[in-house]
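Structure first, then comments.
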Protein chains: 2
Amino acid sequence: MDTAERLLALLGLLQHRAHWPADELAERLGVTARTVRRDVVRLRGYGYPVEAFAGHGGGYQLGRGARLPPLLLDDDEVLAIAVGLGAVGGLAIAEIDQASLSALAKLEHLMPVRLRSRLEALEAAIATVGPAAGNPAATTPVIDRRTLTSIAHAVHQRTVLEFDYVDGREARSRRTVEPARLVRAGLRWYLAAFDVDRDDWRTFRLDRIGAVEVSDRRFVPRAGPDPVDLVSRAAPPSSYPHRVRVVVAATAADVRRHVPVVLGHVAAADDGSTSVLEIGTDDLAWAVTYVLGLPFEVEVVGPPAARAMLARRAGELAERHTSG
Amino acid sequence: MDTAERLLALLGLLQHRAHWPADELAERLGVTARTVRRDVVRLRGYGYPVEAFAGHGGGYQLGRGARLPPLLLDDDEVLAIAVGLGAVGGLAIAEIDQASLSALAKLEHLMPVRLRSRLEALEAAIATVGPAAGNPAATTPVIDRRTLTSIAHAVHQRTVLEFDYVDGREARSRRTVEPARLVRAGLRWYLAAFDVDRDDWRTFRLDRIGAVEVSDRRFVPRAGPDPVDLVSRAAPPSSYPHRVRVVVAATAADVRRHVPVVLGHVAAADDGSTSVLEIGTDDLAWAVTYVLGLPFEVEVVGPPAARAMLARRAGELAERHTSG
DNA sequence: ATCTCTGCGGACCGTTCCTGTCCGTGGATC
DNA sequence: GATCCACGGACAGGAACGGTCCGCAGAGAT
């Protein structure tokens, strides 16, 4: 074991257990305690503060530094993080949207095979959460996480991508693109990419993409329009077939604590103690169910179809629970 | 920059961007391409497979190996992971329960200060999800994530812990313990620990713990009963004040896809096409709201109070939506 | 088919640095 | 005060490191 490998191992040990006496480390690493001391000094030199304690029960411990040390994770931690990143994708937090996606793509790319299968088993077992939850019919665009990460990885790696696409007029085509960036707009994901065959920039809704094939051809990124611009031009907020409006008997702040930003827009009503929630969706039934599950007094004010649907469901429930 | 630091930097670069030509790496690292090649060989020797491509557009790329390489994450990725791990805590997946907690505690301990504040801001902004969602009154035990991770960290670091505790008979006391392990039982978290003053093992419900103070006194773990045993003895599944039973018009498998395991138990009914969901909770109102939000036809069969509560809520909703 | 780009790795050599050993110091705890 | 334990200087033999130079081989581009 040479110096560099030993330093990596040392970092790993220090992360695995919080507290290590020098000669225990020495034994583990197969060197003398003096060398461990030298290694510790080296790590500090790299900017990873290793704290030391003298006296009885003394030892070394990794402290908080200016930057995060290289994380050495064990299997379960990797799985926990991967599952967590998947969940964050569902939460759709603008600030770390791209980051969680790229971190997940990175992780899945580097993850040992044995973990991949465990991860898949886990994900299959996990109840769907987040915006997609409560939607067994899956008319709301539910994107295969595999599609999402493989595209994210292609963006990152700058490799050419091929896939089947169904456009807004239901026309099917096979596309070959140089992917530029994934953009989330509301509940939907879009890919901004340069379409090689059409020799122009295009945006693609991920839920309309099928049979993705990541080639190993790399490309040099070309100058082009801002991907976010491209998408927002192509997919205006009004593009959802349904916009459900709900009056909620709670302050806007309270409602926002329960409704992810991407799901809907929350505004305070005039009186301040009630608010108006507006949800754009492809699937009216899903939205109605979602509203039902809110821990507030709610009233769907439109569209009439949603109002009727909620009335019917509430009526059924009431009837079922008063009789007998 | 010495060899070890350069290797760490190299790992970082290879993770940051997918594809690197040798001389670009050389320039970044301030060495010749020959040295980069040697470093690559070294990394491979450590078990991190670096793939190489010759010819036009050739270069190096980190591949999938037997174990995950030390992860060098940028700020946003760290935040995404931290948020994700928080979400996993909410999901409560038995397989990675402890791992997500320990990973989060680890991360928060190592995280640079500048990220801590960003993380706190993010978490404050995020809508509550998971089992705790839909519970503004917070009578269901909602545990401060700060408490959870600081205890997890103390377990990991083996440091003595002090906190205020309110026991089942509402008696307040200040405890000094040697924490052994966190155990989740249903929706609740317990700490199994050795109570120093009482000189015996005890279990503590986390939602009854307040004012945690992590001392810097370390302790040597003592032999004791199995923490999980201890907790399951102290907290039988029947310890929830309410057990709501719901007949759901969907197969048990479908229901399980929507109900996290810790939330409730799902059993197939005799006919196979309907199932019975049983939710243990402290807060009847929350459970009723939760059931309302399920995307299935449901009927609460007990207890009567829950049935009545649902009937009332459904009735109100129906009335509000049929008039006008 | 040829050319060019790019990674590959052997050889050499001066220099650096690494590690084990020995040992006195000083802070912490019992 | 005794003990435990991290600290770090000094030293010396040996290992490794990195730059330079070079011919080779695989992959694309022309």
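The values are calculated or read from the model by the stated rules, or taken from the named source; none is laboratory data. The model shown is predicted, which means the values in this text are computed figures rather than measured ones. We place every Cβ from the backbone using ideal geometry, glycine too, and count neighbours over all the protein chains shown. Ligands, DNA and RNA are excluded from the accessible area calculation, which covers all protein heavy atoms including side chains. Shrake-Rupley method; radii C 1.70, N 1.55, O 1.52, S 1.80 Å.
For the range B:255-285, a decrease in accessible area of 30 Å² or greater in the assembled protein chains relative to the isolated chain, with a 1.4 Å probe, applies to B:257, B:258. Placing a pseudo-label 7 Å from each Cα along the Cα-to-Cβ vector at residue A:170 and residue A:211 gives an inter-label distance of 1.9 nm.
Tell me, what is the per residue accessible area of the range A:1-94 in Å², probe radius 1.4 Å? All intermediate terms of the calculation are to be shown ahead of the outcome.
Values: 3740 Å² over 94 residues.
Accessible area per residue, the range A:1-94: 40 Å².
Chain B comes nearest to the axis taking it onto chain A at the Cβ of one residue; that residue and its distance, in whole Å, are B:293, 1.
Only four residue types carry charge here, +1 at the Cβ of Lys and Arg and -1 at the Cβ of Asp and Glu. Report the dipole size of chain B about the Cα centre in Debye, rounded to the nearest 20.
Values: 40 positive and 41 negative charges, 116 e Å.
It works out to roughly 560 debye.
Placing unit charges on C-beta atoms (Lys and Arg positive, Asp and Glu negative, everything else neutral), compute the dipole magnitude of the range A:240-322 about its Cα centre in debye, rounded to 20.
On the way: 8 positive and 10 negative charges, 31 e Å.
For the range A:240-322, the charge dipole is close to 160 debye.
Averaged over peptide B:307-319, the number of partner chain Cβ atoms lying within 10 Å of each residue's Cβ comes to 6. Among A:292, A:101, A:263, the largest mean-square fluctuation in a Gaussian network model of chain A, built with springs joining Cα atoms closer than 10 Å, belongs to A:292.
Taking N as the number of residues in the range B:144-254, what value does Rg over Cα atoms divided by 2.2 N^0.38 Å take? Don't jump to the answer; show the numbers that get you there.
On the way: Rg = 16.1 Å, N = 111, 2.2 N^0.38 = 13.2 Å.
Dividing the Cα Rg of the range B:144-254 by 2.2 N^0.38 Å gives 1.22.
Taking the 1.4 Å solvent-accessible surface of the range B:241-280 as the whole, the part contributed by carbon and sulfur is 53%.
The label point for residue A:27 and the one for residue A:75, both projected 7 Å from the Cα toward the Cβ, are 2.6 nm apart. Per residue, how much accessible area does the range A:141-235 show when a 1.4 Å probe rolls over the protein heavy atoms, in square angstrom? Result: 49 Å² of accessible area for each residue. Rolling a 1.4 Å probe over the heavy atoms of the protein chains gives the range A:240-322 an accessible area of 40 Å² per residue.
If the range A:3-62 were replaced by its equivalent ellipsoid, with semi-axes equal to the square roots of 5 times the Cα gyration tensor eigenvalues, what would those be, largest first, whole Å? Walk me through the numbers before you get to the answer.
Details: eigenvalues 47, 34, 23 Å².
Its equivalent ellipsoid spans semi-axes of 15, 13, 11 Å.
Modelled label positions at residue A:273 and residue B:242, each set 7 Å beyond Cα in the direction of Cβ, lie 2.4 nm from each other.
Could you run the Debye sum over the Cα atoms of chain A, one equal point scatterer each and no solvent, and tell me log10 of I(q)/I(0) at q = 0.09, 0.16 Å⁻¹, two decimals? Those come out to -0.68, -1.27, one per q. A helix-only calculation puts the protein assembly as shown at -13000 deg cm²/dmol for mean residue ellipticity at 222 nm, using -39500 (n - 2.57) for each DSSP H run of at least four residues, averaged over all residues. GNM on chain A, alpha-carbon springs under 10 angstrom: the most fluctuating residue among A:119, A:110, A:11 is A:11.
Counted residue by residue at 0.36 nm each, then reduced by the alpha carbon distance between them, the extension gain from residue A:162 to residue A:44 reaches 37.8 nm.
A protection proxy built from the mean count of other Cβ atoms within 10 Å ranks the segments B:27-40, A:144-157, B:73-86, most packed first, as B:73-86, A:144-157, B:27-40. Placing unit charges on each Cβ (+1 for Lys and Arg, -1 for Asp and Glu) gives the protein assembly as shown a dipole about its Cα centre, and among A:309, A:53, A:210 the Cα reaching farthest toward its positive end belongs to A:53. In the range B:68-83, the residues that give up 10 Å² or more of accessible area when the other protein chains are added, compared with the chain on its own (1.4 Å probe), are B:68, B:69, B:70, B:71, B:72, B:73, B:76, B:77, B:78, B:80, B:81, B:83.
So if the hydrodynamic radius of the protein assembly as shown is defined as the Kirkwood radius over C-alpha pairs, what does Stokes-Einstein give as its diffusion coefficient at 20 °C and 1.002 mPa s, in µm² per second? Present the calculation step by step, with values, prior to reporting the outcome.
Details: Rh = 27.1 Å.
Reported coefficient: 79 µm²/s.
Normalised Debye scattering of the range B:202-324 at q = 0.14, 0.15, 0.19 Å⁻¹ gives log10 I(q)/I(0) of -0.76, -0.82, -1.07, counting only Cα atoms as equal scatterers and leaving out solvent. Shielding by partners for peptide B:114-120, expressed as the average number of C-beta atoms from other protein chains within 10 Å of each residue's C-beta, is 1. For residue B:49, the distances from its label point to the matching points in the remaining copies are 4.0 nm, ordered from shortest, with each point set 7 Å beyond Cα toward Cβ. Taking both sides together, what accessible area is buried at the B/A interface, probe 1.4 Å, expressed in Å² and rounded to the nearest 100? Counting protein atoms only, the buried area is about 8400 Å². Summarising the amide proton neighbourhood of residue B:217: residues at separation of 5 or more, or on other chains, whose placed amide H is nearer than 5 Å comprise B:160.
If R0 equals 22 Å, the separation of the Cβ atoms of residue A:95 and residue A:228 corresponds to a calculated FRET efficiency of about 0.90. In a simple Cβ point-charge model (Lys, Arg +1; Asp, Glu -1; nothing else charged), the range B:8-49 has a dipole of about 180 debye relative to its Cα centre. Each Cα pair under 8 Å and six or more residues apart adds its sequence gap; the mean of these over the residue count of chain A is a relative contact order of 11 percent.
What does the average come to when, for each residue of peptide A:96-102, you count the partner chain Cβ atoms lying within 10 Å of its Cβ? Could you put the intermediate results ahead of the total?
Details: counts 13, 2, 3, 10, 7, 1, 4.
What the average comes to for A:96-102 is 6.
Using the Karplus relation 6.51 cos²θ - 1.76 cosθ + 1.60 with θ = phi - 60°, the per-residue 3J(HN,Hα) values for the range B:12-24 come to x, 4, 5, 7, 5, 10, 6, 9, 9, x, 4, 6, 5 Hz, with x marking Gly and Pro. Where the label is 7 Å out from Cα toward Cβ, how close does residue A:228 come to the same position in every other copy, in nm, shortest first? Its label point is 4.6 nm from the equivalent points in the other copies.
Sorted by mean Cβ packing within 10 Å, highest first, what order do the peptides A:220-227, A:46-53 take? Display every interim value, and only then the final one.
On the way: A:220-227: 11.1, A:46-53: 16.2.
Output ranking for A:220-227, A:46-53: A:46-53, A:220-227.
Ranked from shortest, the separations from the 7 Å Cα-to-Cβ label point of residue B:146 to its equivalents in the other copies are 4.3 nm.
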